[in-house]
Amino acid sequence: MDPTSYLVAAFQYVLPFLPAQWAAGLSVLGSFLVSLCAVIAFFLAAPGSGQ
């Protein structure tokens, strides 16, 4: 199995036990963290080949 399948299986196991507000909050927090990482990667240049 690839990592995505494990992640989907974990979500399918855990989400029924969480209240809807918690699941929504976790999805918003996860989306924010992914977006923040994308913004940081955009503005921080990769080091040059000489470094």
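The values are calculated or read from the model by the stated rules, or taken from the named source; none is laboratory data. The shown structure was predicted, so the numbers you read here are calculated from the model rather than taken from an experiment. Note that each Cβ is placed from the backbone with ideal geometry, even for glycine, and that neighbours are counted across all protein chains shown. In case anyone asks, the SASA skips ligands and DNA or RNA and just uses the protein heavy atoms, side chains included. Shrake-Rupley method; radii C 1.70, N 1.55, O 1.52, S 1.80 Å.
Can you name the residue in the range 1-28 that is open to solvent by 90 Å² or more (accessible area, probe 1.4 Å), among the aliphatic types (A, V, I, L, M) and assigned to a helix (DSSP H, G or I) and, of all such residues, is modelled with the highest pLDDT?
Top of the filtered list is VAL28.
Scanning for something surrounded by 10 or more Cβ atoms within 10 Å (Cβ to Cβ) and among the hydroxyl-bearing types (Ser, Thr, Tyr), does the range 36-50 turn up at least one residue?
no
Modelled with pLDDT under 90, among the aliphatic types (A, V, I, L, M) and on the phi < 0 side of the Ramachandran plot, is that true of LEU44?
no
Within the range 29-51, restricting attention to residues that are part of a helix (DSSP H, G or I) and of a type in the set (Ser, Thr, Tyr), which residue is nearest to LEU7 (Cα to Cα)?
SER31
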